[in-house]
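Comments concern the structure below.
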Amino acid sequence: MLSEKQKEVLMPQYAIMRFAKHKGYIGALEAHHERTKARYASNPNIDAKRSKYNFHIIKPKTSYRKEIDSRINAAGCRTRKDSVRYIDTIVTASPSFFKGKSRDERRKFFETAVEFLSRKIGRENIFSAVVHLDEKTPHMHLGFTPITKDGRLSAKDIIGNRVQLTKWQDDFFKHMVKMFPDIERGEAASKTGRKHIPTRVFKQAVRLTKQAAAITEVLDSINPLNTGKKKEEILALLTKFFPGMENFETQIRKYKREIDR
């Protein structure tokens with residue numbers, strides 16, 4: 001039988017890169033990425049005591065909004081109300097990849113990824129690259145404005161369609177594996193037909209599980225002497241639980257195939 005350490009060694013170690021497009025101004029995302037709040041109720045996975053270990057590879061000089069506007073204005077880009085102004089790039093790896101690696105080794109992984117993205121999209125378009133070490137798996141949020149070499153604001157031209165996204169992933173793997181030979185290339189979603197299950201779905205499941213546990217605890221504590229008080233407490237818990245559960249069931253229907261897999 002394999003030990004836990006042996007199992008970890010045999011686990012796939014994928015380099016991961018994903019893009020999220022944003023049309024409006026993203027104050028909430030900025031607060032999350034730059035850790036400007038004391039608490040993050042929407043993300044219980046953040047360990048605020050470890051936030052001091054987060055670090056920037058590229059630090060924004062001002063607010064995200066000003067960073068975005070200054071680049072668009074400097075390039076003379078024409079914009080519309082539905083223009084994608086900002087792309088949040090998430091870079092990470094399988095949890096097993098980071099185990100046993102030093103802070104310097106982890107930093108080198110993210111610096112290597114920034115080198116790749118700088119070459120592909122232009123260093124001048126990137127205004128923030130911050131690494132979070134205060135959540136379960138180290139990851140980086142890299143923000144950039146999708147401005148083409150000829151001065152157009154076009155996420156479509158830079159990120160492209162599903163076929164071009166596969167090419168992005170191929171190039172990213174080729175770049176990263178030179179420095180980290182243990183990294184593997186996963187199957188492209190365009191070939192497997194798989195959808196990415198958003199992190200928020202997993203976090204929503206965790207919240208609902210905790211709420212369900214709290215409801216069970218209250219039910220178990222009911223006795224003839226406290227029925228009235230416990231009735232109010234259980235109703236308050238259920239009022240929060242059921243709307244969240246209905247929303248969650250709607251969400252997971254979209255990803256049933258992937259969750260079953």
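The values are calculated or read from the model by the stated rules, or taken from the named source; none is laboratory data. Values in this document were obtained by computation on a predicted structure and should not be read as measured data. Please note: Cβ atoms are built from the backbone with ideal geometry, for glycine as well, and neighbour counts cover all protein chains shown.
Exactly one residue out of 170, 157 is free of Cβ contacts under 8 Å to residues at least 24 places away in the same chain, under 28 Å from residue 74 (Cβ atoms) and part of a helix (DSSP H, G or I): that is 157. For region 76-98, the condition holds for at least one residue, the condition being that it is touching a Gly at 6+ places or on another chain (Cβ under 8 Å), surrounded by fewer than 21 Cβ atoms within 10 Å (Cβ to Cβ) and hydrophobic (A, V, I, L, M, F, W, C).
Can you work out which of the residues in region 181-209 that are basic (Lys, Arg), out of contact with any Pro (no Cβ under 8 Å at 6 or more places or on another chain) and surrounded by 11 or more Cβ atoms within 10 Å (Cβ to Cβ) is modelled with the highest pLDDT? My answer is 185. Criterion applied to 37, 101 was being outside any helix (DSSP H, G or I), in the same structural domain as residue 157 (by TED's automatic domain parsing), free of Cβ contacts under 8 Å to residues at least 24 places away in the same chain and under 24 Å from residue 206 (Cα atoms), and the one residue passing it is 37. Identify the residue in region 129-153 that is more than 28 Å from residue 47 (Cβ to Cβ) and either within 19 Å of the chain's Cα centre (by Cα) or in contact (Cβ under 8 Å) with a residue 12 or more places away in the chain (or both) and, among all such residues, is surrounded by the most Cβ atoms within 10 Å (Cβ to Cβ). In this case the residue turns out to be 145. Based on this model, can you work out whether residue 118 counts as assigned by TED's automatic domain parsing to the domain that holds residue 56, among the polar types (S, T, N, Q) and at pLDDT below 95? Criteria not met by residue 118.
Selection over region 44-89 of residues that are of a type outside the set (Ser, Thr, Tyr), outside any helix (DSSP H, G or I) and under 30 Å from residue 207 (Cα atoms) gives a count of 9.
With respect to the conditions (1) under 18 Å from residue 126 (Cβ atoms); (2) of a type in the set (S, T, N, Q); (3) touching a Lys or Arg at 6+ places or on another chain (Cβ under 9 Å), residue 83 falls short on a single one, namely (1).
Taking the listed residues 23, 5, the one that is modelled with pLDDT of 60 or more and exposed (fewer than 15 other Cβ atoms within 10 Å of the Cβ) is 23, with no other qualifying.
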